[in-house]
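One structure is given here, and the rest of the page talks about it.
The values are calculated or read from the model by the stated rules, or taken from the named source; none is laboratory data. Treat the numbers as computed from the prediction; the structure is a model and nothing was measured. Methodologically, a virtual Cβ is constructed for each residue, glycine included, from the backbone with ideal geometry; neighbour enumeration extends over all protein chains shown. Please note that ligands, DNA and RNA were not included when accessible areas were found on the heavy atoms of the full protein model with its side chains. Shrake-Rupley method; radii C 1.70, N 1.55, O 1.52, S 1.80 Å.
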Amino acid sequence: IDLDFFPGSLLMKGPAEWIGLTGGFEKGFATQSVYREGQSDEKTLKTDIQAFYVGAKFRFPIGAHTIGATGTYGQHTFTLLGDEGPYPMIPDVKYEYAKVGIDGMFHFGDFMAGARIGKRFVFKTGALETVWFPTSVKTSSLEAGVTVGYRLASMLDAGAGFDWLRYAFDFNPGDKRPSYVAGGAVDEYMSGHIAFRFHLPGGAESAAKV
């Protein structure tokens, strides 16, 4: 679920409606992960996935098209349940980050296409740094996405898209877990989606219809 709100659009047209708020929430369900699949110690673990973000968004209309920029704070959690203990089998992660991003949405009659790219500045990684590699020295993250859509009605669009998210780590293992040594790692997510987009009319919306 994602939401953009531009309060200025309720009152007027022009620059006042270009600045707004943005936020989103994501929750995984009915998912599981298999540890050492096909091996004698294979184990199925329940997977808990959750994410949210909040922040500010700027949009600039160019005819029927819109370009924008965002600045947000977010958390992204990926936890495996069933391997708890002082030394779990798989690292759990809880990313806390600030993100800056740019995006664009381009309208061609009732058809539309968009793209976005953003960089996450990660503050914390959860158990990955507190349990596994307490002296990890660097975390970087990049995300991107594309979407296409079609206007079904004046305030309703149908859309589909693809999203990519990647975290990369440089480790200095230290001596807390001497049996685990790694110079780095990658945590990568790729997903597709089909969605509906509902939008209330405002000044910018009226301009986009021209």
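For this structure, a couple of remarks:
- Förster radius 35 Å - calculated FRET efficiency between GLU84 and SER140 (Cβ-Cβ, nearest 0.05): 0.75
- Selected from ASP41, ASP163, ASP92 as most flexible by GNM, with the chain as the system and alpha-carbon contacts under 10 Å: ASP41
- For segment 1-109, the carbon plus sulfur part of the accessible surface works out to 64%, probe radius 1.4 Å.
- Solvent-accessible area of LYS124, all protein chains in place: 110 Å² (probe radius 1.4 Å, heavy atoms, ligands and nucleic acids excluded).
- Across segment 32-48, computed HN-Hα scalar couplings (Karplus, 6.51 cos²θ - 1.76 cosθ + 1.60, θ = phi - 60°) run 8, 10, 10, 8, 6, 4, x, 9, 5, 9, 4, 8, 9, 10, 5, 10, 10 Hz from first to last residue, x flagging Gly and Pro.
- Overall, the anisotropy analysis places the chain in the prolate class: the square-rooted eigenvalues a ≥ b ≥ c of its C-alpha gyration tensor yield a/c not less than 1.5, with a/b exceeding b/c.
- Segment 1-35 and segment 89-161: distance between their alpha carbon centers, rounded to Å: 12
- Accessible area expressed per residue, segment 77-120, with surrounding protein chains retained (probe 1.4 Å, Å²): 52
- Within the same chain, aspartates and glutamates fewer than 8 places from LYS27 are excluded, and of the rest, those with a Cα less than 20 Å from its Cα are ASP2, ASP4, ASP48, ASP92, GLU96, GLU143, ASP163, ASP187, GLU188.
- Partner lysines whose Cα lies under 24 Å from the Cα of LYS138, excluding those fewer than 8 positions away in the same chain, are identified as LYS94, LYS99, LYS119, LYS124, LYS176.
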